[in-house]
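Here's the structure we're looking at; comments come further down.
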């Protein structure tokens, strides 16, 4: 582990302390399918969740919020209006905004909304799977993805060929770094190996468990937690710290499930338990984070 890796891990521990001390008010315009889990995940890690998504009051809630999370998972016309109004007001008030571009690439509507938010709002972080991140890169015509197949997204799940592995880690990291630099935001591509970049440096996190994609909403929960961390920290460190915390919690929950020979229901509840009990000792012991060195 390099000195820079150690520094980022220490900074992530401080980021967790900042969350617990500040208790960031985190407004999530999110997926109705996973809204309860998102609220519980924010509470467990130390934030204070609000789930306001009515256009008539969203500006009032963004006014008092420390951060705004926009998840386009299951949208209504009312939610879309609230997302756009909230993002516009959050940009004016310098409120951190986290975007979860669920299913971008599947429909023209999702593509238009994501592009509008990225181009017209001050997005602090984008958290999606690798297919969603590649799709955004194609939508903005990023050079690094011009040779890729245009048909990337598979509903809300990552396409099989896009899942990050040891073999494609550097090529995926190159895309993520270039996208982060191009749109001037933090990019978090979650998966079997998570990749996080601010456009200058790139880190990989190998924490997590194979059961995480077996429950509905693990990605939505991560995006909400990223929002909570961004409400109390710099978005890059906040994004890394949130990713580590979610991964470590998933690993620990997975161990319990296998020891007790239970299943995904237990995993879901234990995941939230370990988010609640996340501390410096657990992070120091279990974090698997390292910088990806890329040749420009």
Output the residue which, of all residues in segment 102-147 that are in contact (Cβ under 8 Å) with a residue 40 or more places away in the chain and assigned to a loop (DSSP other than H, G, I, E, B), is farthest from residue 80 (Cα to Cα). 142
List, please: which pairs have Cβ atoms under 8 Å, are six or more places apart or on different chains, and start with a residue in segment 192-218 that is at positive phi and in contact (Cβ under 8 Å) with a residue 12 or more places away in the chain and end with one that is surrounded by fewer than 22 Cβ atoms within 10 Å (Cβ to Cβ) and assigned to a loop (DSSP other than H, G, I, E, B)? 199/184; 208/192; 217/33
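Within segment 285-293, does at least one residue satisfy the condition of being in a loop (DSSP other than H, G, I, E, B) and buried (at least 22 other Cβ atoms within 10 Å of the Cβ)? Walk me through how you get there before you give the answer.
Step one: of segment 285-293, the residues in a loop (DSSP other than H, G, I, E, B) are 287-288, 292-293.
Filter once more, keeping what is buried (at least 22 other Cβ atoms within 10 Å of the Cβ): 287.
So far as segment 285-293 goes, yes, one or more of its residues are in a loop (DSSP other than H, G, I, E, B) and buried (at least 22 other Cβ atoms within 10 Å of the Cβ).
If you scan segment 192-206, which residues turn out to be at pLDDT 95 or above and part of a loop (DSSP other than H, G, I, E, B)? Walk me through how you get there before you give the answer.
Residues of segment 192-206 that are at pLDDT 95 or above, as a first pass: 193-206.
Matches in segment 192-206: 193, 198, 199, 200, 201, 206.
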Entirely in segment 207-277, the helices (runs of 4 or more DSSP H) that have 2 or more residues that are in contact with a helix residue (DSSP H, G or I) (Cβ under 8 Å, 6 or more places away or on another chain) and surrounded by fewer than 24 Cβ atoms within 10 Å (Cβ to Cβ): 235-260, 264-276
Show me the strands (runs of 3 or more DSSP E) entirely contained within segment 1-100 in which 3 or more residues are touching a strand residue (DSSP E or B) at 6+ places or on another chain (Cβ under 9 Å), modelled with pLDDT of 95 or more and buried (at least 21 other Cβ atoms within 10 Å of the Cβ). 25-29, 67-71, 97-100
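The values are calculated or read from the model by the stated rules, or taken from the named source; none is laboratory data. Everything numeric here is computed off the predicted structure, so don't read it as measured data. Here Cβ is always computed from backbone atoms with ideal geometry, including for glycine, and neighbour counts include all displayed protein chains.
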